[in-house]
Amino acid sequence: DGVMPSNEGRGYVLRRIMRRGMRHAHLLGAQDPLMYKLFPTLLSSMGGAYPELSRAQSLITQTLKSEEERFKITLERGLKMLEDETAKISSGAKFPGDVAFKLYDTFGFPLDLTQDALRAQNIEVDTGVFDTCMDEQRAAARAAWSGSGDATTEKIWFEIADELGATEFLGYESESAEGLVLAIIKDGERADALKAGEEGIIITNQTPFYAESGGQVGDTGLAKNENVQLTITNTLKKTGKIFAHIVKCEKGSIKISEALQLQVDHDRRKAIRANHSATHLMHEALRRVLGDHVSQKGSLQDENRTRFDISHPKGVSAEEIAAVEDMVNAEIKAGTEITTRLMGLDEARETGAMALFGEKYDDEVRVVAMGSQDGNKQFSVELCGGTHAKNTSEIGRFKIISESALSSGIRRLEAVTGVRVDAYETAHDKKNQDNIDRLKHEIEDLEAQYKKLSGNDWTIDSQHDDEDMLVAHIKALKKSNSDLRLKQATADAGALGNNIVVINGTKIIGRVLEGFPAKDLKPMADELKKKLGSGVIALVATNDGKASIVVGVTDDLTGKISAVDLVKIGSAALGGQGGGGRPDMAQAGGPNADAANDAVSAIEKALA
């Protein structure tokens, strides 16, 4: 039925059933995912009665496999927690309900699985406490939900649908038409009129405005006659057959039974059509590049972009994205006609038209075909009720601008078409140039630091325009500067001797380093520990009003002196809290650079 495993509704019921089976496979000794390997048997025995199994074979097997891989991790964590908590239970006691709820709420371990796992040990779960925790969670969710108010008006839409019947959609052939106002809704209730300055909803007998559905956004535009002008800000579909025009009355007033001239925003509709057609081409290209397990899991086409969610277990690589872009742009460049035909659902499937798994279709469907011919089939053939370009060339250029994870096993891609590709590339080029300019400026600062530290000029040519080379150059400069600072800070043996203080028989070097990078403190402390032989190193670096502190203790002293304890004392003097590390090396920070010397003194006092 197109139900996918999820954490709510039918999807949650499915996931629980699957996980029960997976747990029993685990109990039988299956170490690797097993259930997806059983699918061919199911297909051979039930595929005749349920042809959806054959059409969605790759999606089903991939989903089963990924679900079992995820559940294996959940199962191991849950069983470990069960084992730990069970060990604390005295004979005859129940398993704590709040722990069972935590297993469910945090680890996705349903109550029935917990009960199953404990049944063999004759341990019951305190379901009363579990139910209380569940009720508290539901109450919190209800309190946090403000609601949209839509539910209060749903009754109106069913009444209108029964009274007026379906709105006739003219938008496949036309972007303008006359419509007779059959109903007006204002403030959630039916009204007789809408006046200037008021907002509401109008329903007409027919309309060229596409109502938001199938991922395509609703049309906007104007509605007017000699007495009134309305701005249509959106078009929604109610009860599956009523087209609701969301309007603001700009001047005049409109009443029921008046005629309006309805005009769709042509430029916006054109851009939406191009993005929707590009989505079909992208869908087929993704299947050819990534595999036929790819299935649409959600989409949005507006005038700015197309957003497309697919089932795919891992990230789409840059090489794969480039291959998809090349394939789509080749189809756009070919300039083939985009055709739409009405036919029966079974006939459409026989032609090879792709139906979205889980979508419900009428007996008569629209089949949209586009792209180059391969035998008897065009590049893309899908069932779709949206509006489309007339020719692939109208799409213009195509570019994927982002790819990301939406949830486990679901990836999201965003793409742009036409002039928006040029705008994106211009902005992208400017961003790259800004990055290069910033990197060159950083190199100039680093080279100045290098010259100050070494007395010499940096010897490698920095006049590169390649961003990667500039980054590598900066990395090399930073390392050189760091090495020079470390060398200068530790090389002078006389200066080292002058900084040594002996407290209770323990040598300590305490230094404040202004403008010294915090990341270089640990390497410097290591070097000073080697030179000192036995003792404590306390280094404080100050930068931009803040301070970082590192304390090092030589190995022979860590049994009685802890660097962690000392660094916390120094951090407190700097206005910071905490600090951490090992007994021989610890680090912390604080917001008060002016107290750097106080931090060193506090550590010396602690040693005393």
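Using unit Cβ charges (K, R positive; D, E negative) and no other charged atoms, how large, in debye to the nearest 20, is the dipole of the chain about its Cα centre?
Numbers: 75 positive and 93 negative charges, 359 e Å.
So the dipole magnitude of the chain works out to roughly 1720 debye.
At 7 Å along the Cα-to-beta-carbon direction for both R288 and N597, put a label point, then send me their distance in nm to one decimal.
Calculated label separation equals 7.5 nm.
Distance check, please: which entries in K241/K297; K440/K475; K186/K224 exceed 20 angstrom between their Cα atoms? Each step should come with its number before you reach the end.
Values: K241/K297 24 Å; K440/K475 13 Å; K186/K224 18 Å.
K241/K297, as the Cα separations exceed 20 Å there.
Given the Cα-Cα distance of T86 and I17 and 0.36 nm per residue of separation, how much length would full extension add, in nm?
Full-extension gain reported as 22.3 nm.
Select from A25, A191, G396 the residue farthest towards the positive end of the dipole of the chain; place +1 on Cβ of Lys and Arg, -1 on Cβ of Asp and Glu, and compute about the Cα centre.
Farthest towards the positive end: A25.
Treating the beta-carbon of each Lys and Arg as +1 and of each Asp and Glu as -1, no other charges, what is the dipole magnitude of the range 1-87 about its Cα centre, to the nearest 20 debye?
On the way: 13 positive and 11 negative charges, 29 e Å.
Around 140 debye, computed over the range 1-87.
Using 1/(1 + (r/R0)^6) with R0 = 51 angstrom and r between the beta carbons of R10 and S317, what's the FRET efficiency to the nearest 0.05? The partial results should precede the final answer.
Values: r = 33 Å, r/R0 = 0.65.
That gives a FRET efficiency of 0.95.
Where in the range 261-279 is the amide nitrogen less than 17 Å from a point lying 7 Å along the Cα-to-Cβ axis of T233?
265, by backbone N distance to the label point.
How many nm separate the modelled label positions at D422 and A140, each set 7 Å beyond the Cα in the direction of the Cβ?
In this crude spin-label approximation the distance works out to 5.3 nm.
If I stretch the segment between A166 and A334 completely, what's the gain in nm (0.36 nm per residue apart, minus their alpha carbon distance), one decimal?
Details: separation 168, 0.36 × 168 = 60.48 nm, distance 3.88 nm.
Full extension from A166 to A334 adds 56.6 nm.
Estimate the FRET efficiency between K522 and K431 by the formula 1/(1 + (r/R0)^6), using the beta-carbon distance for r and 25 Å for R0, to the nearest 0.05.
On the way: r = 35 Å, r/R0 = 1.40.
Result of the calculation: an efficiency of 0.10.
So, with +1 on the Cβ of K and R and -1 on the Cβ of D and E, and no other charges, what is the size of the charge dipole of the range 505-608 about its Cα centre, to the nearest 20 debye? Spell out each step's value before the answer.
On the way: 12 positive and 12 negative charges, 39 e Å.
For the range 505-608, the charge dipole is close to 180 debye.
What lysines could a cross-link reach from K270, if we take a straight Cα to Cα line under 21 Å and drop same-chain neighbours fewer than 8 places away?
K237, K333, K390, K399
Of the listed peptides 39-46, 294-301, what is their order by residue-averaged count of other C-beta atoms within 10 Å, with the highest listed first? Mind showing how you got there, number by number?
Working: 39-46: 11.9, 294-301: 20.5.
Packing order, densest peptide first, comes out as 294-301, 39-46.
List the relative contact order of the chain as a percent without decimals, with contacts defined as Cα pairs under 8 Å and 6+ residues apart. Please list the in-between numbers first.
On the way: 1053 pairs, mean separation 42.1, N = 608.
Taking the mean separation of contacting Cα pairs over the length of the chain, I get 7 percent.
Nearest 0.05, what FRET efficiency do L406 and K248 give at R0 = 30 Å with Cβ-Cβ as r? Could you put the intermediate results ahead of the total?
Values: r = 34 Å, r/R0 = 1.14.
That pair, L406 with K248, gives E of 0.30.
With label points built 7 Å along Cα→Cβ from the Cα atoms of K546 and S372, find their separation and express it in nm.
Those two pseudo-labels are separated by 5.6 nm.
Tell me which of T204, T41, Y104 sits at the most positive position along the dipole axis of the chain, charges placed on C-beta atoms (Lys, Arg +1; Asp, Glu -1).
With unit charges placed on the Cβ atoms, the residue in question is Y104.
Name the residue farthest towards the positive end of the dipole of the chain from the options G375, L290, Q115, assuming +1 on Cβ of Lys and Arg, -1 on Cβ of Asp and Glu, about the Cα centre.
Of the options given, the answer is Q115.
To the nearest 10 Å², what's S407's accessible area with a 1.4 Å probe?
In the full protein context, S407 sits at about 60 Å².
Consider the candidate values (i) 191; (ii) 321; (iii) 266; state which one is volume of the Cα convex hull per residue in Å³ computed from the structure displayed.
The value matching this structure is (iii).
The values are calculated or read from the model by the stated rules, or taken from the named source; none is laboratory data. This structure is a prediction, so every number in the text was calculated from the model and none was measured. Please note: Cβ atoms are built from the backbone with ideal geometry, for glycine as well, and neighbour counts cover all protein chains shown. These accessible areas exclude ligands, DNA and RNA; they are computed on the full protein's heavy atoms, side chains included. Shrake-Rupley method; radii C 1.70, N 1.55, O 1.52, S 1.80 Å.
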